[in-house]
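A short write-up of the structure that comes next.
The values are calculated or read from the model by the stated rules, or taken from the named source; none is laboratory data. On a predicted model such as this, the values are computed, not experimentally measured, just so you know. Neighbour counts run over all protein chains shown; Cβ positions are idealised from the backbone, glycine included.
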Amino acid sequence: MDAPTPDPDLFAKAGLIRLLGIQPQQVGDGRAIASFEVGEPHTQHHGFVHAGAVATLADHTAGAAANALLPPGKAVLTVEFKVNLLKPVTGPRVTAEAEVLRAGRQLHVVESRVYAGDPRVLVAVALVTLSVVDTPAVRQ
């Protein structure tokens, strides 16, 4: 059996992901890496990167890692996630590295580690549970 092909639209067609400028660097074999360059849309009132931007990056990158293991006609949707924010994030680049810990028939569990700064520092860790679902028909 051939390995599943990662969905090229996973980042390109997700509106919030485009809005935040999250770009995939690597997707495949139950792993994914994605990042964004920190800009004004990512910040909160004190100038740090907003926790929501960090959580979105961790979650979507986890979904990409899980999605890379699925056969055609299947997708994953987050059902639960927990994010530990370890330190304030200022940038200039924020990167998530996700790895599937368990790929089940109905649920996948993925860990995302988020790094920022130069030198690179671990700033957040997320544990994401995703449900395997049938891909809906695309509306024209």
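Within region 83-126, the set of residues being surrounded by fewer than 17 Cβ atoms within 10 Å (Cβ to Cβ), modelled with pLDDT of 95 or more, of a type in the set (Val, Ile, Thr) and closer than 20 Å to residue 36 by Cβ comprises 121, 125. Filtering region 83-95 to residues that are out of contact with any His (no Cβ under 8 Å at 6 or more places or on another chain), of a type outside the set (Lys, Arg) and assigned to a strand (DSSP E or B) leaves 83, 84, 85, 95. Restricted to helices (runs of 4 or more DSSP H) entirely inside region 1-82, those with at least 2 residues that are surrounded by 11 or more Cβ atoms within 10 Å (Cβ to Cβ), within 11 Å of the chain's Cα centre (by Cα) and without any contact (Cβ under 8 Å) to a residue 60 or more places away in the chain are 9-12, 51-67.
Each row is one residue, and each column tells you yes or no for (1) among the aliphatic types (A, V, I, L, M); (2) more than 16 Å from the chain's Cα centre (by Cα); (3) within 22 Å of residue 47 (Cβ to Cβ).
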residue	(1), (2), (3)
96	yes, no, yes
101	yes, no, no
115	no, no, yes
134	no, yes, no
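Looking for whichever is out of contact with any Cys (no Cβ under 8 Å at 6 or more places or on another chain) and either hydrophobic (A, V, I, L, M, F, W, C) or over 23 Å from residue 135 (Cβ atoms) (or both) here; the options are 41, 72. Which one fits? Just one listed residue meets the conditions, 41.
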